[in-house]
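K.L.:
Below you'll find the structure I mean.
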Amino acid sequence: MVHPDIERVLLDEGVIRSRIAELGRQLTADYAGRKPVLIGILKGSVPFMADLMRNLGVDHTVDFMCLSSYSGDSSTGVVRLILDLRESIQDRDVLVVEDIVDTGLTLSYLRQNLLTRGPRTLELVTLLDKPDCRKVSISPRYCGFKIPNEFVVGYGLDYNEAYRHLPYIGVLKKSAVKA
Ligand code: 5GP
C-alpha cells in the first residue's frame, strides 16, 4: 500500500533492488583484489548502504559521516560536518555512498575534505542523481538512477525526518509539504 502522502511512486522496490544488484556487480569487478572502505553519509544513505554492502562481493569495511545542508525541502547551501569518520582513510580505496546528489555542494565539500586525508583512490556512488540542479560541477562515477528535478522521499530520504522507512522512492503530495 502506498503512503497517503505520496503522489506517485517514482521507483518501486523491485526496480531499486535490481539496480543495486547491478551496481554491486560493477563495483565487485572494479574493486577486485582490493579492500575498499564504504563511507555512508547519514542519514539518507542507510538503506542503500545496507543493500549495497550485501551486493558487494569483495571484502570491505564501512564507516559513516553526517553532513547537513538541508532544511525542510530546500538546500541552505551551507554544509556542516556533524559527525566525522572513526578510522583513518590514508592509503585506502574510498567509496563515498550517498542517497542523492542535487546541487552537488555536499559532495563537493566532502570530496575536498576527504582528499586532504590521503586516500589511495576516492570515488562517489549515489543512488539518485538530479543533474539539472547542479551548482557545482561534480559527477559521481557510480549512479543508480538519474531523476528529474522533483523533491523525493522514501528509501532513506526524508522530509523533516519523516518517510525514510518507505521501501520505494516517491514524490510527495503538495498537501504534505508545509508552506
Ligand atoms: P546537495 O548538496 O547535492 O544539494 O544535496 C545533497 C543532500 O540534499 C542529499 O544528501 C539529501 O539529504 C538532500 N536532498 C537533495 N535532494 C533531495 C530530495 O529530492 N529529497 C530529499 N529527501 N532530500 C534531498
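K.L.:
With (1) touching a Lys or Arg at 6+ places or on another chain (Cβ under 6 Å); (2) at positive phi; (3) more than 11 Å from the ligand (Cβ to nearest atom) as the list, and GLY156 as the residue in question, which single condition is left unmet?
P.N.:
Here GLY156 meets the rest and fails (3).
K.L.:
Shifting gears a bit: Filter region 137-158 down to the residues that are closer than 16 Å to VAL46 by Cβ and in contact with an Asp or Glu (Cβ under 7 Å, 6 or more places away or on another chain) and list them by number.
P.N.:
GLY156, LEU157
K.L.:
Test of understanding: among ALA29, ALA21, which residue is at pLDDT 95 or above, surrounded by fewer than 16 Cβ atoms within 10 Å (Cβ to Cβ), among the small types (Gly, Ala, Ser) and closer than 17 Å to THR126 by Cβ?
P.N.:
ALA21
K.L.:
Among the residues of region 60-74 satisfying the criterion of being in a loop (DSSP other than H, G, I, E, B) and surrounded by fewer than 17 Cβ atoms within 10 Å (Cβ to Cβ), which is modelled with the highest pLDDT? Talk me through it step by step, then tell me what you get.
P.N.:
Keep residues of region 60-74 that are in a loop (DSSP other than H, G, I, E, B), which gives 60, 72-73.
Add one more test, that the residue is surrounded by fewer than 17 Cβ atoms within 10 Å (Cβ to Cβ), and what stays is 72-73.
On the way: GLY72: 58, ASP73: 62.
Checking each candidate, the answer is ASP73.
K.L.:
To continue, here is another question. For region 81-135, give me each residue that is at pLDDT 95 or above, more than 25 Å from THR28 (Cβ to Cβ) and of a type in the set (Asp, Glu).
P.N.:
ASP84
K.L.:
Does LEU11 fit the bill of being under 17 Å from the mean Cα position of the chain (by Cα) and farther than 30 Å from ALA176 by Cα?
P.N.:
Spelling it out, it is not the case that LEU11 is under 17 Å from the mean Cα position of the chain (by Cα) and farther than 30 Å from ALA176 by Cα.
K.L.:
Going residue by residue through region 94-104, is there one that turns out to be touching a residue at least 40 places away in the same chain (Cβ under 8 Å), out of contact with any His (no Cβ under 8 Å at 6 or more places or on another chain) and away from the ligand (no atom under 16 Å from the Cβ)?
P.N.:
Yes: one or more hits.
K.L.:
Residues of region 159-168 being within 9 Å of the ligand (Cβ to nearest atom) and either without any contact (Cβ under 8 Å) to a residue 40 or more places away in the chain or out of contact with any His (no Cβ under 9 Å at 6 or more places or on another chain) (or both), which ones?
P.N.:
Listed by number, the residues that qualify are TYR159, ARG164.
K.L.:
Here's another thing I want to ask about it. Please go through region 5-44 and give me each residue that is part of a helix (DSSP H, G or I), touching a residue at least 12 places away in the same chain (Cβ under 8 Å) and either more than 23 Å from VAL152 (Cα to Cα) or among the polar types (S, T, N, Q) (or both), ordered by number.
P.N.:
GLY24, ARG25, GLN26, LEU27, THR28
K.L.:
Turning to a different aspect of this structure: Could you check region 83-179 for strands (runs of 3 or more DSSP E) lying wholly inside it with 1 or more residues that are crowded, with 20+ Cβ neighbours inside 10 Å and among the hydroxyl-bearing types (Ser, Thr, Tyr)?
P.N.:
Answer list for region 83-179: 121-129.
The values are calculated or read from the model by the stated rules, or taken from the named source; none is laboratory data. Given the structure is predicted, the values throughout are model-derived calculations rather than measurements. As a convention, Cβ positions derive from the backbone with ideal geometry for all residues, glycine included, and neighbour counts pool all protein chains shown.
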